[in-house]
Amino acid sequence: MSHQIEKNDIVFSVEGTEWHGLAQCVPAIDRNTTAPLEFPLRESVRAKFILDDGSEYDGGASKGIFADLRGRDDGELLQLSTMGEDYSRIENAEVLDCMERAFASVGVGYKITTAGTLGDCRKFFLSVALSGHEEMTCGGDKFLSHVNFITSHDGTLACQAYDSNVRIVCMNTLRWSLEAAGAVDFKVKHTKNAAGQMENLEQLLSALLNGRDVFKQSMDILKDESFSVDEMESFAKGYLAKVNKVKKGMELSTRSRNAAASLVNLFLAGEGNSGESTFDAFNAGTEYWTGGEGTGSREGATTATARVCKSAFGMAAEHKSQWTKQLIDRTVRSELVELGKGFQSVYM
């Protein structure tokens, strides 16, 4: 299904029936709660395939990765992927174990707010609130902060941890760890010694708390900076040109022109926006790539829940992060504004 919560997936939340009614609301999430998500992973030594003509094909050095769901009622072995011989699996339970050790090491209390699998057990994720660090005010708006943990069992995602801030006024979610991105890169590939690399998480969590201070300072600065409609349009065109590798003298695609127009409209009239500051430009980008057309809503090709997934884990999340970083960097912002001026107005 396009929302990625499929037959064998379970999502728990302490906040309510999130994921558009598909999450199971529970009073608390602990290891007893997550037990159904901590299924063992199994792998075949050599992958074999049955072709549509009935013949058998030997996958050679590749191996099949399976979720062992036989501990559940009516559960079975579910094939998740076929990977190369160098692929190293990271169990969902290992992510939880590593998270618990890391929080104990830095001495910060926490509460798991959401946990689940997506894509028929191919992806696993957690959202965690840190005690005493759940909320902050930036640019006059309140943000709720979580640390997200994600991994996959089909090669689509490395094991990652990153900060996520939710702007309450419009529920915009932003992947954010400005300080930690430079200090500690916590992205563990599924290769040899993957489990050992996960221990770097302790360093990341310390850096994340510093990163939140940087985030707050950055947002307060953006709130005080004026930003005109013309600058917003030029920045949006420049950003999209850079992303799509469109150089001066070339034309933006219709898709990019429409995207730039939508971003300007959100700058002027998005939730809580007045079209006056760089903070409004930040909000426009996060809103566009959270629940707006930046997650596929214009084409109608995705459900509301799929947009949540893209906003948190996919390219939309990366766009929000890059859009914000380039707004904050005045030099880069000016370069993109100048680049954008070279393209035709989106309103012509």
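Residue by residue, here is whether (1) assigned by TED's automatic domain parsing to the domain that holds residue 156; (2) of a type in the set (Val, Ile, Thr) holds:
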residue: 15; (1), (2): yes, no
residue: 45; (1), (2): no, yes
residue: 55; (1), (2): no, no
residue: 58; (1), (2): no, no
residue: 62; (1), (2): no, no
residue: 66; (1), (2): no, no
residue: 78; (1), (2): no, no
residue: 96; (1), (2): yes, no
residue: 102; (1), (2): yes, no
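Sort through 4, 24 and tell me the only one that's modelled with pLDDT under 80 and either among the hydrophobic types (A, V, I, L, M, F, W, C) or under 19 Å from residue 148 (Cα atoms) (or both).
On the way: 24 fails: modelled with pLDDT under 80.
Of 4, 24, the one residue that is modelled with pLDDT under 80 and either among the hydrophobic types (A, V, I, L, M, F, W, C) or under 19 Å from residue 148 (Cα atoms) (or both) is 4.
Quick grid of which residues meet (1) aliphatic (A, V, I, L, M); (2) in contact with a Ser or Thr (Cβ under 8 Å, 6 or more places away or on another chain):
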| position | (1), (2) |
| --- | --- |
| 28 | yes, no |
| 37 | yes, yes |
| 43 | no, no |
| 67 | yes, no |
| 82 | no, yes |
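The rows are residues; the columns are (1) crowded, with 19+ Cβ neighbours inside 10 Å; (2) hydrophobic (A, V, I, L, M, F, W, C); (3) at pLDDT 90 or above.
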| residue | (1), (2), (3) |
| --- | --- |
| 250 | no, yes, no |
| 256 | yes, no, yes |
| 271 | no, no, no |
| 276 | no, no, yes |
| 281 | yes, yes, yes |
| 299 | no, no, no |
| 313 | yes, yes, no |
| 329 | no, no, yes |
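Is it the case that residue 96 is assigned to a strand (DSSP E or B) and at pLDDT 85 or above? Steps first, please.
Numbers: assigned to a strand (DSSP E or B): no; at pLDDT 85 or above: yes.
In short, no.
When you go through 255, 212 one by one, which is the residue that is over 21 Å from residue 334 (Cα atoms), in a helix (DSSP H, G or I), outside the structural domain of residue 333 (by TED's automatic domain parsing) and charged (D, E, K, R)?
Details: 255 fails: outside the structural domain of residue 333 (by TED's automatic domain parsing).
Answer to the check: 212.
Report, by residue number, each residue of region 258-271 that is of a type outside the set (Ser, Thr, Tyr) and part of a helix (DSSP H, G or I). Let's see the steps before the verdict.
Within region 258-271, the subset of a type outside the set (Ser, Thr, Tyr) is 258-261, 263-271.
Selection gives 258, 259, 260, 261, 263, 264, 265, 266, 267, 268, 269.
Can you pull out the residues in region 22-62 that are under 23 Å from residue 97 (Cβ atoms), assigned to a loop (DSSP other than H, G, I, E, B) and in contact with a strand residue (DSSP E or B) (Cβ under 6 Å, 6 or more places away or on another chain)?
Listed by number, the residues that qualify are 26, 29, 39, 40.
From 115, 129, 102, grab the single residue that is within 23 Å of residue 324 (Cβ to Cβ) and buried (at least 19 other Cβ atoms within 10 Å of the Cβ). Step through it out loud before you land on a result.
On the way: 115 fails: within 23 Å of residue 324 (Cβ to Cβ); 102 fails: within 23 Å of residue 324 (Cβ to Cβ).
One residue alone meets the criteria, 129.
The values are calculated or read from the model by the stated rules, or taken from the named source; none is laboratory data. Please read all numbers here as calculations on a predicted model, not as lab measurements. Cβ: placed from backbone, ideal geometry, glycine included. Neighbour counts: every protein chain shown.
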